[in-house]
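Visitor: Would you mind keeping the following structure in view while I ask a few things?
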Amino acid sequence: MNVWRSICRPLAALLLVTAVAACGGGAGDDSAAQAAADKLSPAQLAAAAAKEGVVVWYTTFADTDVQPIIADFNKTYPNVKVNALRPSASELPQRIITEQRGGKYNADVVSGEGPQIAQLVQAGALQPYQSKDAPPLPDGLTLPAGYRGVVYVLTTVLAWNPAVVAQRGLTAPRSWEDLTRPEWKGQFSIDPYAVNWYDSLIIAMGHDKALALLKALGANSPRFVQSHTVSLTNVQAGEPPVAATAYGYKASALKRKTPGELDFANGTPLPASLSLIDVVKNSPHPNAARLFDDWIVSKAGQEAVVRITNHTSIRTDVTNDAAVWDPATWAPAWSHPVLAQADYNTYLAEMKSALRAP
């Protein structure tokens with residue numbers, strides 16, 4: 001696939017979305033309120049948000065993490081109630097798009113993985129907004145102006161149960177190529193919807209080699225698990241003993257709790273992707289939406305995200321889990337942060353076919 005086409009297509013779509021938004025958004029449109037909110041100082045924004053009193057947050061954060069994050073936000077902004085709704089990653093874009101097509105504008109702010117946010121951007125469902133304390137993007141990454149809110153970095157790693165691997169006389173895998181060997185047949189799980197991971201592999205090794213790797217993994221009878229948390233729970237139980245597409249932040253946290261049941265390895269380069277946050281078009285509480293966006297990408301918000309979830313921040317003034325994130329040791333292979341929908345669909349179809357997923 002032509003890399004420039006992959007990059008330029010989503011950028012062109014975003015420019016079109018921005019132009020359309022500037023001309024008005026149809027039912028429920030309140031461009032004047034959106035523009036006014038963008039011009040407020042931090043103190044004015046906080047006061048205006050307190051008058052609104054509520055912000056509706058659609059998010060893919062884990063259920064156990066949502067309320068602690070809200071509690072941290074409310075330490076600083078006690079007069080803004082956060083109502084969180086947590087659809088699955090696959091449900092998130094369609095929910096907002098369907099609501100808006102029906103003339104309903106329920107969400108104020110949305111956070112999720114790059115492919116899901118990309119769908120919303122390309123559908124014209126979001127409002128461009130530049131957070132007041134957004135840090136610079138890591139080298140090699142670009143995002144269109146107005147869509148640069150980064151909540152955290154996700155890394156994809158290999159995870160295994162050291163006790164069970166040893167009991168079966170196996171050597172712990174250190175690369176995805178290791179899992180293509182005969183001794184690993186049927187003894188690992190994989191997520192056939194992990195498009196960010198596949199995109200990173202394509203960036204790192206080229207499309208043909210990445211697809212060949214997936215075909216070799218698919219020929220070795222992987223078990224299919226879409227939930228990254230469930231995949232690690234299965235590893236802790238030893239069945240199967242390896243997860244090929246685990247998230248680094250979760251694997252590291254569980255390793256600290258149960259070192260005898262879980263270990264993990266970062267790849268070189270390390271597949272990495274972004275979770276993003278954006279203001280929703282025609283949000284019913286535009287000031288509270290921007291306040292929450294500003295807070296979660298700020299140093300205080302990012303310290304809360306790292307402390308509560310063990311996710312990785314792109315801020316250089318926040319301390320991350322060194323076992324998960326050290327670019328000097330594991331150079332990141334960044335997936336496209338805003339992947340065109342056509343490319344996403346192509347990659348997903350290639351993954352499912354190569355892995356022999358139903």
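Visitor: Please determine, in degrees from 0 to 90 and to the nearest 10, the orientation of helix 63-76 with respect to the longest principal axis defined by the Cα atoms of the chain, where the helix direction is its Cα long axis.
Guide: 40 degrees
Visitor: Just to confirm, what accessible area per residue do you get for the chain at 1.4 Å probe, in whole Å²?
Guide: Each residue of the chain exposes 41 Å² on average to a 1.4 Å probe.
Visitor: Residue by residue through segment 152-162, what is 3J(HN,Hα) from phi via Karplus (6.51 cos²θ - 1.76 cosθ + 1.60, θ = phi - 60°)? Round to whole Hz and write x for glycine and proline.
Guide: Calculated HN-Hα couplings, in order: 6, 9, 10, 10, 9, 9, 8, 10, 8, 9, x Hz.
Visitor: Helix 299-309 sits at what angle to the longest principal axis of the chain, using alpha carbons and giving 0 to 90 degrees rounded to 10?
Guide: 40 degrees
Visitor: Rounded to the nearest 10 degrees, what's the angle between the helix 42-52 long axis and the longest principal axis of the chain, both from Cα atoms, 0 to 90?
Guide: Roughly 80 degrees, rounded to the nearest 10.
Visitor: Please work out how much accessible surface H207 shows to a 1.4 Å probe, ignoring ligands, DNA and RNA, in Å² rounded to 10.
Guide: Accessible area, nearest 10 Å²: 40 Å².
Visitor: Roughly how many Å is it from the Cα centre of segment 336-357 to that of segment 265-295, as a whole number?
Guide: Between the Cα centre of segment 336-357 and that of segment 265-295, the gap is 22 Å.
Visitor: In the chain, what percent of the accessible surface is made up of carbon and sulfur (1.4 Å probe, ligands and nucleic acids excluded)?
Guide: Heavy-atom surface of the chain belonging to carbon and sulfur, 1.4 Å probe: 54 percent.
Visitor: May I pose another question? Here are a few candidate values for semi-axes √(5λ) of the Cα gyration tensor in Å: [x] 47, 23, 19; [y] 31, 24, 21; [z] 37, 23, 17. Which one was actually calculated from the structure I just gave you?
Guide: Of the labelled values, this structure produces [z].
Visitor: Can I ask one more? Once you order the gyration tensor axes a ≥ b ≥ c over the Cα atoms, which shape class does segment 215-358 get: rounded for a/c under 1.5, otherwise prolate or oblate by comparing a/b with b/c?
Guide: Oblate, because a/c is 1.5 or more while a/b does not exceed b/c.
The values are calculated or read from the model by the stated rules, or taken from the named source; none is laboratory data. Owing to the predicted nature of the structure, the values given are computational and were not obtained by experimental measurement. Just the protein is used for accessible areas: all its heavy atoms, side chains included, with ligands, DNA and RNA removed. Shrake-Rupley method; radii C 1.70, N 1.55, O 1.52, S 1.80 Å.
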